[in-house]
């Protein structure tokens, strides 16, 4: 009996390792310090399309753990959005909550009950449990006022450090939605409820080791399938293709989208299909250049149309250009022995 339990434990741990190795489409290799994503105007020079001046720029900054700390959006030279992200992991959240509870206890009076809020309640109700706290702060663009929260995410974790329950608060610190997470072998379930505890959405993600596919099914408030995403991996766990299927209220297929990737996880083609058509309606081809880390830094996106069964570039629509400037953290140099 003990041998069977040990074997089962090994199998489950192997599945967990495989899940941890699964790459994401947006995953970027290396320790990223910042990314500057620029969308360019398309300019025709000497009968040839090329990238022109910047149209929209998004600057994102990360800490050494790979967590985003700041994001700035610039359109036509003007800052249109400036966000800061404050993330507290389990240890930092524990210290933060202890400090917040202690401060409230010292100042508490019978007239201060109004000062209690959802963050303080969360700290109090999860005093001895693992948790994460994330603030999304908006920086005022035309004043010197301090950044103010536009979103707060309060996460309770299980013993393995995985999300168990999340509370999403808006800028008024009002509960917008609650998310419940359940884990079973190679299956993960997320349920989203509104502030009145009505089920809004259920998302189930499963990984099949034999076919090397990860399937995510999304169900609406009635329990009807509305979307399915199937990601297929190569033997080295890079993404081979990704299929996205949308369904109507009767769970009949509305449309399909197929994405294909090169061996370095960079998007290569995107094809759009009607409900049951084997031939695409239209698509896009991506031409990308990468840096030494195999992260793309230049992208040309062309629309492809079907003409008498043949795939041809749509000459009536100009290609779209994007560039990325990626800054990496330098490896820490080993200290010299004294």
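Odds and ends about this structure:
- Estimated from helical segments only, the mean residue ellipticity of the chain at 222 nm is -4500 deg cm²/dmol, where each DSSP H run of four or more residues counts as -39500 (n - 2.57).
- Global geometry of region 154-234, whether rounded, prolate or oblate, following the gyration tensor of its Cα atoms and the 1.5 cut on a/c: oblate
- In this simple spin-label approximation, residue 75 and residue 148 carry label points 7 Å from Cα along the Cα→Cβ vector, and these lie 2.1 nm apart.
- Among 232, 205, 50: highest mean-square fluctuation, GNM of the chain, C-alpha pairs under 10 Å: 50
- FRET efficiency estimate (nearest 0.05) - Cβ-Cβ, residue 313 to residue 129, R0 45 angstrom: 0.20
- In summary, region 222-338 shows an alpha-carbon radius of gyration equal to 1.46 times the 2.2 N^0.38 Å reference for compact globular proteins.
- Virtual spin-label span in nm between residue 33 and residue 198, 7 Å along Cα→Cβ: 5.0
- Global geometry of region 161-303, whether rounded, prolate or oblate, following the gyration tensor of its Cα atoms and the 1.5 cut on a/c: prolate
- Estimated at 0.36 nm per residue, the fully extended path between residue 159 and residue 297 surpasses their Cα-Cα distance by 45.7 nm.
- As a rough footprinting exposure proxy, the listed residues 164, 159 were ranked by other beta carbons within 10 Å of their own, and the order from fewest upward is 159, 164.
- Descending Cα extents along the principal axes, the chain, whole Å: 77, 64, 61
- When both region 163-182 and region 262-338 are represented by their alpha-carbon centers, they are found 34 Å apart.
- Full-extension gain in nm, residue 208 to residue 183, via 0.36 nm per residue minus C-alpha separation: 7.5 nm
- Relative exposure of 235, 186, judged by other C-beta atoms within 10 Å (fewest first): 235, 186
A short reminder: the numbers here are calculations on the coordinates, not readings from a lab. Everything quoted here is computed from the prediction, not taken from an experiment. A quick note on method: Cβ atoms are made from the backbone with ideal geometry, for glycine too, and the neighbour counts reach across all protein chains shown.
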